[in-house]
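*Asks:* Can you keep this structure in mind? I'll have questions shortly.
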Amino acid sequence: RGNERVLRARFNDARFFWETDQKKKLADRIQDLSHVTFQAKLGSYLEKTERTIALVKELGGDAHAIRAAQLLKCDLSTELVKEVTELQGIIGGLYARFQGEPEEVAVAVYDHYKPAAMEDSIPRTRAGQLVSLADKIDTLRGCFAIGMIPTGSRDPFALRRAAQGVVKILVEGGLEFPITKLLGDDAALREFLLDRVRYYFRD
């Protein structure tokens with residue numbers, strides 16, 4: 001009964017936050033991302049969103065993939081994600097569906113943090129795979145460009161996991177993109193990703 005009381009209170013909170021968040025559509029939250037910092041030297045989540053959209057286009061994403069890239073981080077400004085941060089992405093996907101976005105867009109947003117680990121599955125759709133790739137590649141490019149390269153156990157932006165996700169999506173999604181197109185001419189980043197490739201196939 002004690003557990004039921006706690007759960008009921010949490011579900012009531014969730015309902016309240018859900019209903020509050022519906023007063024503003026995800027698409028109307030895009031500009032709010034200018035007030036959410038991604039990384040001090042790499043700018044806001046709005047700037048990250050713009051880079052991700054450009055990369056999705058470069059990778060040949062269709063209209064659904066581009067729309068998903070626009071909405072990808074919008075749930076970061078919602079009350080529900082502020083309350084339960086581990087639901088970011090998932091809430092964005094649920095809100096997108098609830099607010100009438102195409103199913104392909106909603107699923108791509110919902111899946112874009114996948115794979116969270118080696119044993120996790122990749123995004124279910126091509127649009128989801130492309131936006132997930134673009135999001136991870138932007139993080140890798142940006143962090144390496146400002147010298148935030150993982151050393152030992154230090155990896156505050158989970159760059160190893162991001163690189164592992166890139167490899168897993170490329171292999172299991174059957175995507176063929178030249179490494180240079182993805183990473184540019186950053187030799188350290190190339191070696192970092194190739195190390196993840198070796199790790200993936202060895203595992």
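*Asks:* What about ARG124, is it closer than 21 Å to ASP32 by Cα and either open to solvent by 60 Å² or more (accessible area, probe 1.4 Å) or of a type in the set (Asp, Glu) (or both)? Explain how you work it out, then say what you get.
*Replies:* Numbers: closer than 21 Å to ASP32 by Cα: no; either open to solvent by 60 Å² or more (accessible area, probe 1.4 Å) or of a type in the set (Asp, Glu) (or both): yes.
No: the conditions fail for ARG124.
*Asks:* Mind counting the residues in region 24-40 that are surrounded by 20 or more Cβ atoms within 10 Å (Cβ to Cβ) and aliphatic (A, V, I, L, M)?
*Replies:* Looking only at that region, the number is 2.
*Asks:* Answer with yes or no whether GLY165 is more than 27 Å from THR37 (Cβ to Cβ), modelled with pLDDT of 90 or more and either in contact with an Asp or Glu (Cβ under 8 Å, 6 or more places away or on another chain) or of a type in the set (Gly, Ala, Ser) (or both). Lay out the reasoning, then the answer.
*Replies:* Details: more than 27 Å from THR37 (Cβ to Cβ): no; modelled with pLDDT of 90 or more: yes; either in contact with an Asp or Glu (Cβ under 8 Å, 6 or more places away or on another chain) or of a type in the set (Gly, Ala, Ser) (or both): yes.
It is false that GLY165 is more than 27 Å from THR37 (Cβ to Cβ), modelled with pLDDT of 90 or more and either in contact with an Asp or Glu (Cβ under 8 Å, 6 or more places away or on another chain) or of a type in the set (Gly, Ala, Ser) (or both).
Each row is one residue, and each column tells you yes or no for (1) of a type outside the set (S, T, N, Q); (2) open to solvent by 50 Å² or more (accessible area, probe 1.4 Å); (3) in contact with a Phe, Trp or Tyr (Cβ under 8 Å, 6 or more places away or on another chain).
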site	(1), (2), (3)
ARG141	yes, yes, no
ILE149	yes, yes, yes
SER153	no, yes, no
LEU159	yes, no, yes
ALA163	yes, no, yes
VAL166	yes, no, no
LEU170	yes, no, yes
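*Asks:* Among the residues of region 41-56, are any over 21 Å from GLY142 (Cα atoms) and open to solvent by 30 Å² or more (accessible area, probe 1.4 Å)? Working first, answer last.
*Replies:* Step one: filter region 41-56 for residues over 21 Å from GLY142 (Cα atoms), giving none.
For region 41-56, residues over 21 Å from GLY142 (Cα atoms) and open to solvent by 30 Å² or more (accessible area, probe 1.4 Å): absent.
*Asks:* Given the criteria open to solvent by 30 Å² or more (accessible area, probe 1.4 Å), among the acidic types (Asp, Glu) and either in contact with a Phe, Trp or Tyr (Cβ under 8 Å, 6 or more places away or on another chain) or closer than 21 Å to VAL166 by Cβ (or both), does GLU104 qualify?
*Replies:* Numbers: open to solvent by 30 Å² or more (accessible area, probe 1.4 Å): yes; among the acidic types (Asp, Glu): yes; either in contact with a Phe, Trp or Tyr (Cβ under 8 Å, 6 or more places away or on another chain) or closer than 21 Å to VAL166 by Cβ (or both): no.
Criteria not met by GLU104.
*Asks:* Further question: Condition (residue is crowded, with 21+ Cβ neighbours inside 10 Å, in contact with a Leu (Cβ under 7 Å, 6 or more places away or on another chain) and of a type in the set (Phe, Trp, Tyr)) applied to region 79-100: is it met by at least one residue?
*Replies:* Taking every residue of region 79-100 in turn, at least one turns out to be crowded, with 21+ Cβ neighbours inside 10 Å, in contact with a Leu (Cβ under 7 Å, 6 or more places away or on another chain) and of a type in the set (Phe, Trp, Tyr).
The values are calculated or read from the model by the stated rules, or taken from the named source; none is laboratory data. If you're wondering where the values come from, they're calculated on a predicted model, not measured in any experiment. Virtual Cβ from ideal backbone geometry, glycine too; neighbours counted across all protein chains shown. The protein model used for the area step is the full one, side chains on, heavy atoms only, and it has no ligands, DNA or RNA in it. Shrake-Rupley method; radii C 1.70, N 1.55, O 1.52, S 1.80 Å.
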